[in-house]
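Novice: Before we start, here is the structure in question, set down as structure tokens.
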Amino acid sequence: MIHITRRERFNAAHRLFRSDWSEEKNNEIFGGCANPNWHGHNYELFVTVKGNVNPELGYVINLKDLSGIIRTYITNRLDHRNLNVDVDFLRDVMTSTENVAIAIWRQLDPHIRALGCSLHCVKLVETENNYVEYFGE
Ligand code: NI
């Protein structure tokens, strides 16, 4: 078993807020992340896949295939978008780094499995100081 990681990047806007809370409470809890006029991040997405090395090919997964899956199902749908309003699979989701990483896992998982591999980790870097890692449970 070996792990391999592909990085892709996207830029997106979002906002953390609860519509059932007052503006004051949103500001108190979420701070600048609650700005009604949105804010953006240069996200970095690291997708780690695990599997056995194919003895004929010498690799777990063709990185071109992995990159294609990530771009088709994730970055093409998130890049230069507003995560709160433009993305079907994030509808009604609080767009925290945690929740976005979990949603990305759910989108990618069936497509990785279809290639005979398993998803190991979705790491989403929101800022140079903050990232989350989701391992599927
Ligand atoms: Ni933010």
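The values are calculated or read from the model by the stated rules, or taken from the named source; none is laboratory data. Fair warning: this is a prediction, and the values are worked out from it, not measured in the lab. Virtual Cβ from ideal backbone geometry, glycine too; neighbours counted across all protein chains shown. Heavy atoms of the whole protein, side chains included, go into the accessibility calculation; ligands, DNA and RNA do not. Shrake-Rupley method; radii C 1.70, N 1.55, O 1.52, S 1.80 Å.
Novice: Once Lys and Arg get +1 and Asp and Glu get -1 on their Cβ, which of Val100, Ile74, Ser118 lies farthest toward the positive end of the dipole of the chain?
Specialist: Ser118
Novice: Then there's this: For a test of the definition: using alpha carbon positions, the gyration tensor, and the 1.5 limit on a/c, classify region 89-137 as rounded, prolate or oblate.
Specialist: It comes out oblate by the Cα gyration axes.
Novice: First compute the accessible area of region 1-89 with a 1.4 Å probe, then give the percent of it belonging to carbon and sulfur atoms.
Specialist: Carbon and sulfur atoms account for 45 percent of the accessible area of region 1-89.
Novice: Compute the distance from the alpha-carbon center of region 66-134 to that of region 1-57, in whole Å.
Specialist: Region 66-134 and region 1-57 have Cα centres spaced 7 Å from each other.
Novice: With every protein chain kept in place and ligands, DNA and RNA left out, what is the accessible area per residue of the chain? Probe 1.4 Å, answer in Å².
Specialist: I get 59 Å² per residue for this part.
Novice: Report the label-to-label distance for Asn82 and Asn42 in nanometres (one decimal), using points 7 Å from each Cα along the Cα→Cβ vector.
Specialist: Taking the simple label geometry, Asn82 and Asn42 are separated by 2.3 nm.
Novice: Give the dimensionless ratio obtained when the Cα radius of gyration of the chain is divided by 2.2 N^0.38 Å.
Specialist: Rounded to two decimals, the normalised Rg is 1.16.
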